[in-house]
1. Taking the Cα centre of the chain as origin, sum charge times position over the Cβ atoms of Lys and Arg (+1) and Asp and Glu (-1), and report the length of that vector in debye to the nearest 20.
2. Express as a percent, rounded to the nearest 5, the fraction of DSSP beta bridges in the chain (both residues included) that run antiparallel.
3. For the ranges 29-35, 15-21, what's the packing order if you count other beta-carbon atoms within 10 Å of each residue, average per peptide, and put the highest first?
4. Can you list the HN-Hα couplings for segment 27-32, worked out from phi with the Karplus curve (6.51, -1.76, 1.60; θ = phi - 60°), rounded to whole Hz and with x for Gly and Pro?
5. Explain nothing, just compute: Karplus ³J(HN,Hα) = 6.51 cos²θ - 1.76 cosθ + 1.60, θ = phi - 60°, for every residue of segment 73-80 in order, whole Hz, x for Gly and Pro.
6. Using modelled amide H (1.01 Å from N, peptide plane; none on Pro or chain starts), what sits under 5 Å from the amide H of Phe83, excluding residues fewer than 5 places away?
7. Quote to one decimal, in nm, the extra length available between Ala19 and Asp76 on full extension: 0.36 nm per residue of separation minus the C-alpha distance between them.
8. How high is the relative contact order of the chain, in percent, with contacts defined as C-alpha pairs under 8 Å that are six or more residues apart?
Amino acid sequence: MRMENTPLPSLAEFEAVTARAFAALPADVQTACAGVILRVEDWPSADQLSGLDAMDAADLTGLYDGVPLTEKSVMDTEPRPDFVWLFRRPILAEWAERGNVTIPELVNHVLVHELAHHLGWSDDDIAEVDRWWE
């Protein structure tokens with residue numbers, strides 16, 4: 001839902017939209033995802049793309065980097081933090097292409113999708129509850 005003269009949100013504004021989306025999640029999801037570090041960048045890095053089978057940076061709106069809760073163990077040595085990355089420029093491109101959603105709606109969708117990976121859901125599990133493409 002783009003107004004022609006509406007300025008695109010800055011990175012800082014996008015971070016605020018992401019924080020509001022997280023704050024609007026159910027309390028149990030927030031608790032389960034409390035240790036996840038949320039990051040917003042304009043584009044994925046070359047390192048992030050390297051493990052994704054030649055995915056185009058313009059197509060990657062979000063990325064979960066961590067060990068899903070279903071695979072964590074108290075026996076893990078030096079656990080590293082989990083990250084959810086949202087990529088502003090690809091999200092804005094998808095928003096402009098769709099034309100039927102708001103930026104906060106799209107950010108919420110991407111955030112929920114990536115947090116679902118943290119919770120141990122597969123893409124098929126996510127598709128059962130989030131039929132975004134319809």
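Every number here is computed from the coordinates shown, using simple stated rules; none is lab data. Only a predicted model underlies this, so the values are computations on that prediction, with no experimental measurement involved. Neighbour counts run over all protein chains shown; Cβ positions are idealised from the backbone, glycine included.
1. Details: 9 positive and 25 negative charges, 99 e Å.
It comes to approximately 480 debye.
2. Values: 4 of 9 bridges.
Of all bridge pairs located within the chain, approximately 45 percent are antiparallel.
3. The packing order, highest mean first, is 15-21, 29-35.
4. 4, 5, 6, 4, 5, 5
5. Going residue by residue, I get 9, 5, 7, 4, 8, 6, x, 9 Hz, with x marking Gly and Pro.
6. Ile37, Asp65, Gly66
7. Numbers: separation 57, 0.36 × 57 = 20.52 nm, distance 2.92 nm.
That pair, Ala19 and Asp76, stretches by 17.6 nm at full extension.
8. Working: 149 pairs, mean separation 43.1, N = 134.
32 percent.
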